[in-house]
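Below is one structure, written out as structure tokens; the observations come after it.
The values are calculated or read from the model by the stated rules, or taken from the named source; none is laboratory data. These numbers were taken from a predicted model, which means no experiment stands behind them. Cβ coordinates were reconstructed from backbone atoms using ideal geometry, including for glycine residues, and neighbour counts include every protein chain displayed.
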Amino acid sequence: MSQWVRIGIKTRIKTTHYPAQAETAPGVSPGLPQGGAYAAADVSSLVNLCPTKAISPGLVKDSLIVDYRRCIHCFRCVHGATTPLRWEKGWQWAAGGQKCDGVASGPEGNRLGRVFARSVHIIVVDAGDCGACLNEVKQLNNPYYNMHRLGFFLTPTPRHADILLVVGPLTEHMRLPLLKTYEAMPTPKRVIAVGACALSGGVFGPSFISGAGVGQALPVDVQVPGHPPPPLAILHGLLVAVGRQTPATITSGAPVSLEATTR
Amino acid sequence: MNSSDLSQQMAQRWHDQVRMHTEPQRSCCEMECPAGLLPEIARWLFAELDYSFAGLIVEEDPAQWALRYEFHRAREDAPVQVLVRRALDEKTFPSISDCVHAADWHEREAEDMFGLLFEGHPRLGDFILHDDVWPEGVEPMRHQFNAQRSVPERRPNPHWRLRRIVQAPGAFAMPIGPVFSGLAESVHFQLETVGEDVIRCVPRLFYKYRGIEKIAEGRSPEDVLLLAERFCATSAFAHALSFSQAMETIGGVAPPPRARRLRVFLAELERLRHHVAALEGICESTALTVAASQMALLQEELLRLGGALTGHRYLFGLLTPGGLRCDLEDGACRRAIAATRDILRRLRQLEKMLQFSSSFLDRLEEVGVVGTKDARTHGLVGPVARASGVVRDLRKVLPYCDYEAFTFETPMESEGDGYARLRILFAEAAQSASIMQQAGAALCAGPVHTPCPSRPGAALGWVEAPRGAAFCWLRISEDGQVARYRLMPPSFANWHGLHLATENFAFQDFPIILATFDLSVAENDR
């Protein structure tokens, strides 16, 4: 077995330095489209290109708003457009809950707080996921991301879990298992919805069998957009949940009130 | 055997009861027969002529049912479609699953979704629509059922139990799932036992059923492409490719050569990544942590490679009927090939090390054995079938995207145990890297897209997905929208055969057998 020890040591440390330093390797994130000012001629064509209505005209003239809850990374606003939408290859996308829309509602807000800052146990529930979000969560356990170094651990039992991480649009058959899991968790507990499907139903819901996201069944504390969100975005979401990173906004290019524009 | 030989033989046996209809440009041979003859013809094709069963397609025409049974065999033979029509009020059909066992789940699905009855089928009941949640008589795939109607709150019956099979003193059933084991997909298992060994393994699936086939109806092909790409992300490119190819067959266009080669290039990149992930799963199930971490490194590198090359780590948003949405640079492809060469070198090194890790091999060898006969009658596909001596690779049998221009061998093993499946995954990963190199070298200049019209018609699309043969049936209506999108994914075939491997093996082997079977719940539940 010594060969395995040897190869382990020879591989050296591969782990990213995020959040201490930015990760610059290519291909870690697909990025997200950016709202804001666009030429008047492009606004309506870009709005029409989006199959999930994630892009809408802004309140300010000649501007666009992108709702990240609906963006499914189809790239039609890039590959199919005469003037493509601006894309940014970041990943710090995690926003606050659906009620407070990225704004902390108190000193601790809806975060778990300092007590949990370095020891958080996570249970993952697959509520109809296509395999991508789940696989990206799985990558957090691999040496490149290694979420243990930041104090995050996966647990198979809800009794030990502080955070419920949900992926998928919430199919009818998974509603009861999800609710049972949530009820079995001790308080305080937080819910992170990961991926466009968990936030809005994605391409699947709402329909006769899948819902329009996890928010219909549970109070969501942190929203991680992306289709799927890359591992670093999910890591950012976890850090937001424990108050170690500041949340982003769930829309891009929104002028003032989110409530008024993202309906 | 070409279609004229086949039609001669048919004429000899059944005279003019069976009508043959060949479509040369679609290279598909349609046989329409009365319902009563169906079992006989299916047995003849499957047992005597060695055809494989690909799936059952049920269509509800305005006036009648049309059931299409897909068969295919070898490169020289056209795929055969046995067609049975009946008036809408006649809902009983003969079952073929006693001889073509692979049709078992297809018939159960048709019963659940359309309310059809299959005479002679042994076990119909709780399947896609769970019996504890849905009342009797809901038939979601019928035209009158509204797919957009949102779900009314339903209270599951707490007293409902999955039926138990083993009735012996001391017998008990161990339930697992649907939420279990950290990062597993949602599925429930009922393992029945009287002690150490699993006697009966009953997977209960479709917790993740998203009704793709239903919600696709009435949408534009562009929208359905999104569904095809997103119902199973670990083989997204393969399923989007099968959809695009069906669209291209209906539209009568062929994508330009550069697009075809790039498609092969990306499909093999996806296969390589999938196989590395499957190998990681096997290492993890045997608790060989270092090997699992090494595989995880390779998987993440392949994900990043896809991300850097195409913009998306799971290759979303690139395929479109008629070619690709955007071109890839030759230089980027060359760099990707160089990177895969390095990944393959490290994969080979890990393979060698695993071959000498006795604690690892002990958990795989002679565990979860599936015999060749069982693999064939259950219609297993992909690496699982090839480890049990059933080869049938669609890239060879029904070549698409110029696969015939590339040199590769489909690996085959005959032991049918976990170790054979592991070896197949390693061998196929190496083949994929080699095909990527060939496709990269054969890239020619030119466009990557031909406009593909949305004409009315129907066609079969197929692709050798990472987990095996994937078929889809696409019908476009007069108004250019999708009228029927039937998915026959490889996991649906292989989940049906999982019990062959798990039964009569010890409990502690179960997770390992599951890992070597390389199943996707998302792909099955669709």
Problem - Hey, B:Ile424 touching a residue at least 40 places away in the same chain (Cβ under 8 Å), part of a helix (DSSP H, G or I) and in contact with a Lys or Arg (Cβ under 6 Å, 6 or more places away or on another chain) or not - result: yes
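Which one of these is among the acidic types (Asp, Glu) and more than 19 Å from B:Ile424 (Cα to Cα): B:Asp362, B:Asp327?
On the way: B:Asp362 fails: more than 19 Å from B:Ile424 (Cα to Cα).
The unique qualifying residue is B:Asp327.
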Exercise for the section: Considering each residue of the range B:142-164, count those that are out of contact with any Pro (no Cβ under 8 Å at 6 or more places or on another chain), without any contact (Cβ under 8 Å) to a residue 40 or more places away in the chain and either surrounded by 13 or more Cβ atoms within 10 Å (Cβ to Cβ) or outside any loop (DSSP other than H, G, I, E, B) (or both), and give that number. Expected result: 3
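Using the structure shown, decide if B:Arg163 is more than 30 Å from B:Val390 (Cβ to Cβ) and out of contact with any Phe, Trp or Tyr (no Cβ under 9 Å at 6 or more places or on another chain).
yes
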Completion exercise
Only one of B:Glu268, B:Glu284, B:Glu300 is surrounded by fewer than 23 Cβ atoms within 10 Å (Cβ to Cβ) and either in the same structural domain as B:Ala240 (by TED's automatic domain parsing) or within 18 Å of A:Pro231 (Cα to Cα) (or both), namely B:Glu284
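Table: residues versus (1) closer than 30 Å to B:Ala515 by Cβ; (2) not aromatic (Phe, Trp, Tyr).
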position: B:Asp98; (1), (2): no, yes
position: B:Ala102; (1), (2): yes, yes
position: B:Glu109; (1), (2): yes, yes
position: B:Arg164; (1), (2): yes, yes
position: B:Phe180; (1), (2): yes, no
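If I ask for residues that are more than 8 Å from chain A (Cβ to nearest Cβ) and either in contact with a Leu (Cβ under 6 Å, 6 or more places away or on another chain) or over 16 Å from B:Ala233 (Cβ atoms) (or both), which ones from the range B:299-314 would you list? Talk me through it step by step, then tell me what you get.
Pass one, the range B:299-314, residues more than 8 Å from chain A (Cβ to nearest Cβ): B:301-302, B:310.
Selection gives B:Glu301, B:Thr310.
Yes or no, residue by residue, for (1) in contact with a Lys or Arg (Cβ under 6 Å, 6 or more places away or on another chain); (2) modelled with pLDDT of 95 or more; (3) assigned to a loop (DSSP other than H, G, I, E, B); (4) crowded, with 22+ Cβ neighbours inside 10 Å:
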position: B:Val224; (1), (2), (3), (4): no, no, no, yes
position: B:Thr234; (1), (2), (3), (4): no, no, no, yes
position: B:Val253; (1), (2), (3), (4): no, no, yes, no
position: B:Arg261; (1), (2), (3), (4): no, no, no, yes
position: B:Ala291; (1), (2), (3), (4): no, no, no, yes
position: B:Ala308; (1), (2), (3), (4): no, no, no, no
Exercise for the section: Within the range B:365-385, identify whether any single residue is buried (at least 20 other Cβ atoms within 10 Å of the Cβ), at the interface with chain A (Cβ under 10 Å from one of its Cβ atoms), in contact (Cβ under 8 Å) with a residue 40 or more places away in the chain and assigned to a helix (DSSP H, G or I), and answer yes or no. Expected result: no
Completion exercise
Those residues of the range A:49-58 that are among the small types (Gly, Ala, Ser) and surrounded by fewer than 24 Cβ atoms within 10 Å (Cβ to Cβ) come to a total of 2
Fill in the blank from the handout: For the range B:167-181, pairs from a residue that is in a strand (DSSP E or B) to a residue that is surrounded by 15 or more Cβ atoms within 10 Å (Cβ to Cβ) and hydrophobic (A, V, I, L, M, F, W, C), with Cβ under 6 Å and 6 or more apart or across chains, are B:Met174/B:Leu191; B:Ile176/B:Phe189
Exercise for the section: Go through the residues of the range B:500-507 one by one and say whether even a single one is buried (at least 24 other Cβ atoms within 10 Å of the Cβ), more than 14 Å from every other protein chain (Cβ to nearest Cβ), of a type outside the set (Gly, Ala, Ser) and not in a helix (DSSP H, G or I). Expected result: no
Fill in the blank from the handout: Scanning the range B:75-89 residue by residue, those within 20 Å of B:Glu107 (Cβ to Cβ) and either among the β-branched types (Val, Ile, Thr) or surrounded by fewer than 20 Cβ atoms within 10 Å (Cβ to Cβ) (or both) turn out to be B:Val80, B:Val82, B:Leu83, B:Val84, B:Arg85, B:Arg86, B:Ala87, B:Leu88, B:Asp89
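Which is at pLDDT 90 or above, crowded, with 24+ Cβ neighbours inside 10 Å and in contact with an Asp or Glu (Cβ under 9 Å, 6 or more places away or on another chain), of A:Val194, A:Val224?
After ruling out the rest, the residue left standing is A:Val194.
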Handout entry: Residues within the range A:59-79 that are assigned to a loop (DSSP other than H, G, I, E, B) and crowded, with 18+ Cβ neighbours inside 10 Å, tallied
Key = 8
